[in-house]
């Protein structure tokens, strides 16, 4: 990459070129979860609540641990910026080693998920089916971490995000067909209900990295760059130094939403179903913000490796502008289309679903209000990580989400009687605080570099 003549406009195009395919790829992954929820919602609100809680627990833990692997993307981008292509394979080796080790704690936690649910006070009627569902999903841990996690991180850094764009829509269709087949018993197969949905997810998550790898190795440049090399402890230690704060940040953010899902379960299945609908929709938009944040991560990481602070500023500004535009569109869509959105999950004409629909309408409205801070914090995080700044964002995330957002949500939900609406409002307050603090951190770094 050479420095463009019109930096800001060029960075807008570069970020979109990366974020577009990545966003589509991640959006289709989230649509897989949406498909699961819709199909389970056809069974009833209780099945939707149980399936959403089980898959949410699995993907929450996976997302937290995968943050450590994603730190390798920063090292890859900075190495490419320095022109150090010889280090790419060694960084991939370190990512593989770390992913292999991370499988062990994830499998341990998933196996003992019933104890976690019991400790959180979940009723036995929910604990048992959720535990059964999660135990099936355990078979998807290796491909989720060691396969898809590494490839989805490395391919965009190598300029091959188009592979994700080509593969993920087909994977989404496969997931939908498998879910419908195994849940409802198509093609003469037995109707397995909740267990069928879990089995379909496992099969899909195994297919995903196999297809991505088969396409990647067909390209000589990718085959050379992604080929693991001899292990280098220096890269592994750098990955740990960068990745551990990222893991802690992901834990602070992701567990806030998942813990609030568990709190919503204590309000009843209708409140939990409404909360899961907003959580699913919120994750759809969040994946797009994450795609922008990761694109900024790659661009900022590259220019940081090149030692060009002016281009770091251009990439930062371009990412923020795109984030504001995307968040504005998401806000309007959620606020104006919430009736239709809920109809994808639940039969709004069914009397048994009336209370869940009413709660969901309120929750989606408050979710729309907080789209802008959600987008800005995701992009700000990507910008700072691209510069290798992960410790301060970690502290900001912990303070904002757990010091302010979580207690605020509990207070509004249980002491002010606002229920699921109050829980989601607490989430939003945490997002606002984190986005403001991360924005201040970016301004401080930019001014410090300019003064230096």
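Odds and ends about this structure:
- Set 75, 117: member being farther than 19 Å from residue 154 by Cα and part of a helix (DSSP H, G or I): 117
- Qualifying residue in region 324-339 (condition: over 20 Å from residue 374 (Cβ atoms), without any contact (Cβ under 8 Å) to a residue 24 or more places away in the chain and part of a helix (DSSP H, G or I)): yes
- Test result for residue 146, under 17 Å from residue 60 (Cα atoms), in a helix (DSSP H, G or I) and modelled with pLDDT under 85: yes
- Of the residues making up region 184-218, just one is free of Cβ contacts under 8 Å to residues at least 24 places away in the same chain, part of a loop (DSSP other than H, G, I, E, B) and surrounded by 15 or more Cβ atoms within 10 Å (Cβ to Cβ), namely 192.
- Considering only residues in region 403-413 that are surrounded by fewer than 24 Cβ atoms within 10 Å (Cβ to Cβ) and touching a residue at least 12 places away in the same chain (Cβ under 8 Å), the one that is farthest from residue 272 (Cα to Cα) turns out to be 404.
- Some residue of region 361-378 being surrounded by fewer than 16 Cβ atoms within 10 Å (Cβ to Cβ), within 14 Å of residue 256 (Cβ to Cβ) and within 24 Å of the chain's Cα centre (by Cα): no
- Search result, residues across region 89-100 that are within 17 Å of residue 160 (Cβ to Cβ) and either crowded, with 24+ Cβ neighbours inside 10 Å or touching a strand residue (DSSP E or B) at 6+ places or on another chain (Cβ under 9 Å) (or both): 91, 95
- Breaking point among (1) surrounded by fewer than 23 Cβ atoms within 10 Å (Cβ to Cβ); (2) assigned to a helix (DSSP H, G or I), for residue 349: (2)
- Taken over region 247-264, the criterion of being farther than 18 Å from residue 425 by Cβ and crowded, with 24+ Cβ neighbours inside 10 Å is satisfied by 249, 252.
- Candidates 244, 292, 256, 237, filtered to the one that is more than 14 Å from the chain's Cα centre (by Cα) and in contact (Cβ under 8 Å) with a residue 60 or more places away in the chain: 244
- Options 326, 322, 267, 333: the member that is surrounded by fewer than 21 Cβ atoms within 10 Å (Cβ to Cβ) and modelled with pLDDT of 80 or more: 333
- Some residue of region 122-145 being touching a helix residue (DSSP H, G or I) at 6+ places or on another chain (Cβ under 9 Å), buried (at least 22 other Cβ atoms within 10 Å of the Cβ) and under 26 Å from residue 302 (Cβ atoms): yes
- Test for residue 355: is it in contact with a helix residue (DSSP H, G or I) (Cβ under 7 Å, 6 or more places away or on another chain), in a helix (DSSP H, G or I) and surrounded by fewer than 17 Cβ atoms within 10 Å (Cβ to Cβ): yes
- Only one of the listed residues (295, 221) is out of contact with any helix residue (DSSP H, G or I) (no Cβ under 7 Å at 6 or more places or on another chain) and in a helix (DSSP H, G or I). That residue is 221.
The values are calculated or read from the model by the stated rules, or taken from the named source; none is laboratory data. Just so it is clear, the structure is predicted and the values come from calculations on it, not from any experiment. Please note: Cβ atoms are built from the backbone with ideal geometry, for glycine as well, and neighbour counts cover all protein chains shown.
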